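Report on one structure; see the data block that follows.
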Amino acid sequence: MYKYLDHIESPEDFRSFSPDELRDLCAEVRDYMVQCCAKSPGHLGSSLGAVELIVGYHYVFDTPRDKIVFDVGHQAYAHKILTGRREAFRNLRAQGGPSGFPQMSESPYDAFGAGHSSVSVSAALGFAEAARMQGGEYKVAALIGDGALTGGLAFEGLNNAGESNADILILLNDNNQSIDAPRGALHRYLLQVTTSKGYNRIKKGVWNVLGEGRIRRMLQRSVRSVKSWFVKRSGGDFFESLGLRYFGPVDGNDIEAVVRALRRLKPMSGPRLLHCITVKGKGFAPAEADPVVWHAPGRFDPQTGERIPSVYGADRYQDVFGEVLCQLCDADPRVVGITPAMSSGCGMTALERRHPERFFDVGIEEEHAVTFSAGLAAGGMRPYCNIYSAFSQRAYDQIIHDVALQNLPVVLCFDRAGLVGEDGATHNGIFDMAAYRSIPGTVVSAPRNELQLKGLMYSALRHDGGPYIIRYPRGTGEGVAWKDVPAPQIPVGTAEMLLEGTFVTVLGIGPVVNCALEAAAAFEDRVGVCDMRFLKPLDKALLDAVLARSRVILTVEDGCLAGGLYGAVCEYVQEKGAAVRVHGIGVPDRFIPHARQTDQREECGLSTRGIEETLKSILQ
């Protein structure tokens, strides 16, 4: 089907290509990527824009001996296709298929894992220093883009790299985008750099005089050097001030320009940065026209670009969150919403439309998002800070130091809690309950359905102080009516007994409680079910009642078994000296790889069938 791509198993197979052949290879990689992602959805737009940078690096450098560290990892699809995983790529992010992100265990070409953003410079610097100390003769590059440069860790890495003498090349993939529309001063700075008025004024005048023709084409290469002079004069000083030698900008979607720049930079040493201007979604018109939607478009027709709509049996939790937040803003002028670059994913675009003055997208900066929220709370506002559960790990210190220690009323809404599906181990939000229940003064809650999410959000507004965490999963709810239903009163630390049992009581938290109810139906009155609703504080009065009438407790949670609800209940039973056995179902002590959410939950026993099987073994 493909003249070149079908014969490539490693970068060695195209290192002798001519410029024209490289250009054709890039086009084939893009087409193959579109065809595969149409059926196996992934992060398409970012990878389409990075094709020439990846092809160019593998062409000029001796990979896998020379290292390339990706940031963020969803730029790396061309890298996977060209490094022995072309056929496997058809099953991208599926169970048993390649991960959506670089993964050291997957290929020797994947020098470093990259599921979260802003890690590349620090990791690449570590490689470079290791090579220096051990006498390793290899080059190291960090490919950073798609908003990752705004993260605090990236700045820390740049600052350290600039003062070092490490042999590190930083490829800045500047596509004027992150996941949603780009935000912040650094974005404005890069935009200023690449839209220098002086350069563009000269370019427009010259082009108007020359018109179309051979002379104009001959001058284009010379004009690129003029652009570099203007851009460096107006902006390269920022990177130079950090101790990085600045080069560029170059057209990152022109394979000849990329190869030429990399060949010049390869023999150099020391910390240096190549500024590459790319187009997110390059080569696929729908993705170029709407880079936000096509960041992760789902399934689509690869010929027409028509997206195949997902059919939801119920409202998604993120949409419930977004609408309820708008209702809270309507009713209380103190309420504000904060997101670290996930406004569409978390449902906060509704707030941006209805209350733009109370909507804050701070960029990919989870730590800043939490401390910014703490400052808002200290100033009298009531912030609702929405962070994906896995990303909240990056702000652990801020949650303790800036919110909990100062007893500030910050509501932390952790979207994508639990097992998330195809994004896999880097994105599974399974550690939050165990991590945050140890923090004094912190409320940790999880709704079992849409209406409870609404109730907890209202309950959080009435909470006087300290972090109030509400965690909920990726995907749809249970189909429970919530829009025109008053928010239920859910006092902090109260559980709800849903089903009485004579022998086993299942203590569940979150939507998995619904699976427990379905499983318990097979055992008549021998199994009871309680929705704990709060991991912290525990409803000790209800637990005392359960201990008095049950011989066995089974905890069920969509989080790590170690330290979560299971740990909390075991601690309480031990404290009371109760003669009750405690069993637990949750995520075991290992990382769960990418697969469909339903398959991940089955693997961990977090399904109706899995809970029923555990109950059978207990009751035998």
Listed highest first by mean packing, meaning other Cβ atoms within 10 Å per residue, what order do 66-72, 397-403, 123-129 come in?
66-72, 123-129, 397-403
Give the long-range amide H neighbours of G145: residues separated by 5 or more places, or on another chain, with amide H under 5 Å away, using H modelled in the peptide plane at 1.01 Å from N.
D71, V72, N173
Grab the other residues whose beta carbon is less than 15 angstrom from that of S10, score K and R as +1, D and E as -1, and report the net.
-4
What are the ³J(HN,Hα) couplings of the range 303-317, residue after residue, when phi is run through the Karplus curve with 6.51, -1.76, 1.60 and θ = phi - 60°? Round to Hz, x for glycine and proline.
7, 9, x, 6, 6, 8, x, 6, 9, 9, x, 7, 5, 6, 4
Which of the peptides 361-373, 407-419 is most tightly packed, and how do the rest follow, going by the mean number of other Cβ atoms within 10 Å of each residue?
407-419, 361-373
Going residue by residue through the range 356-361, the Karplus relation 6.51 cos²θ - 1.76 cosθ + 1.60 with θ = phi - 60° gives ³J(HN,Hα) values, rounded to whole Hz and with x marking Gly or Pro, of x, 6, 10, 10, 10, 9
Amide proton proximity set for K536, modelled H, under 5 Å, gap of 5+
V444
Rounded if a/c is under 1.5, else prolate if a/b beats b/c, else oblate: with a ≥ b ≥ c from the C-alpha gyration tensor eigenvalues square-rooted, which is the range 317-473?
rounded
Nearest 10 degrees, 0 to 90: helix 565-576 Cα axis against the chain principal axis
40 degrees
Just order 610-617, 164-171 by mean Cβ neighbour count inside 10 Å, highest at the front, would you?
164-171, 610-617
Would you pull out the residues with amide H under 5 Å of V250's amide H, same chain only if 5 or more places away, H placed 1.01 Å from N?
H275, C276, I277
By how many degrees, 0 to 90 and rounded to 10, does the Cα axis of helix 120-134 deviate from the longest principal axis of the chain?
70 degrees
Longest principal axis of the chain (C-alpha) makes with the long axis of helix 51-60 (C-alpha) an angle, in degrees to the nearest 10, of 60 degrees
Fewest first, what order do T304, T63, T494, T608 take by the number of other Cβ atoms within 10 Å?
T304, T494, T608, T63
In the range 580-612, the trypsin sites (Lys or Arg not before Pro) that fall in loop regions by DSSP, at most 10 other Cβ within 10 Å:
R590
Please list 3J(HN,Hα) in residue order for the range 13-29, calculated via the Karplus relation 6.51 cos²θ - 1.76 cosθ + 1.60 where θ = phi - 60°; whole Hz, with x for glycine and proline.
6, 10, 6, 9, 5, 7, x, 5, 5, 4, 4, 5, 4, 4, 5, 5, 4
So what's the back-of-envelope 222 nm ellipticity for the chain, counting only DSSP H runs of four-plus at -39500 (n - 2.57) apiece and dividing by all residues, rounded to 500?
-11500 deg cm²/dmol
Count charges around D415 for me, please; just the other residues with Cβ under 9 Å from its Cβ, Lys/Arg as +1, Asp/Glu as -1.
+3
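Rule-based calculations on the coordinates, nothing more; no lab input. Computed from a predicted model, the values in this text were never measured in an experiment. Note: ideal-geometry Cβ built from the backbone for every residue, glycine included; neighbour counts use all protein chains shown.
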